[in-house]
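Notes for the one structure printed next.
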Amino acid sequence: MSQVGGGRVLIAERNPLVIAALRGLFSESTNFTVVETARSSAELCSKLAFVEADCVLLGWQLDDAEAPEVLADLGRLGIEPRIVLFADTDAPSIVSEAIRLGVNGLCYQFEDPEILFATLTAVMKGRICIPYTVLSKIPNRPFQQLTSRETELLGMLANGWTNVQIATRTGISENTVKYHLKNLYDKLEVRNRAMAVALYTKERRRNAG
């Protein structure tokens, strides 16, 4: 069972020193519990099949794969955990690629631990938590290609609505919702709702400015 006010974290990281440091950090928190660790993508996929975790804290480089490959492995298996990328670099190309593939949050290893805790908390509550300074480096996407229905659905995604809630509110079937979302993702060149919402948030901020 997860602790009140917090949740269960599975650490996926190849460096045993980083794992040890994170275990020590989480042991001092009353809000989080480290339920497992994994040093490879294969081990992570295996453990997620039977370990209950509210979030995966994913390092960029595991023993057998980099973060994009890990996310692809999870996708092929139909496993969709909430993921916070725990990056050891702020190189735009690396970070943008991981975000494009659908991480829910991003935190750097060189930041204050409180930022890590805040990011995990937000992601566990179903939010997207990615620094705006990172989103601002991602090229603008073709929002002008979206239909009025797709734009409407994107706004609903940003409000945290599920497919069932969207179908009920709009009066269309859940399958039709999925059809529209697939077209929306294709046009925005993203793989899931997490990145679609992140880009939508960036676009709204840019227009507001």
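Worth a mention:
- Residue with peak Gaussian network fluctuation, the chain [Cα springs, cutoff 10 Å], from ARG127, ARG169, ARG149: ARG169
- The simple Förster model, with R0 at 35 Å and r as the Cβ-Cβ distance, assigns GLU114 and ARG169 a FRET efficiency of 0.40.
- Estimated 222 nm signal from helices in the chain, with DSSP H stretches of n ≥ 4 weighted -39500 (n - 2.57), rounded to 500: -15000 deg cm²/dmol
- Counting DSSP beta bridges with both ends in the chain, the antiparallel % (nearest 5): 5
- Heavy-atom surface of the chain, accessible at 1.4 Å and reported per residue (Å²): 51
- Within the accessible area of the chain (1.4 Å probe), percent carbon and sulfur: 49
- The mean sequence separation of alpha-carbon pairs under 8 Å and at least six residues apart, normalised by the residue count of the chain, gives a relative contact order of 16 percent.
- Cα-based radius of gyration of the chain once divided by 2.2 N^0.38 Å, which approximates compact folds: 1.04
- The mean sequence separation of alpha-carbon pairs under 8 Å and at least six residues apart, normalised by the residue count of the stretch 148-209, gives a relative contact order of 35 percent.
The values are calculated or read from the model by the stated rules, or taken from the named source; none is laboratory data. Here the structure is a predicted model, which is why all the values come from computation and not from measurement. Don't worry about glycine lacking a Cβ; one is built from the backbone with ideal geometry, like all the others, and counts go over all protein chains shown. Just so you know, the surface numbers come from the protein's heavy atoms only, side chains and all, with ligands and any DNA or RNA stripped out. Shrake-Rupley method; radii C 1.70, N 1.55, O 1.52, S 1.80 Å.
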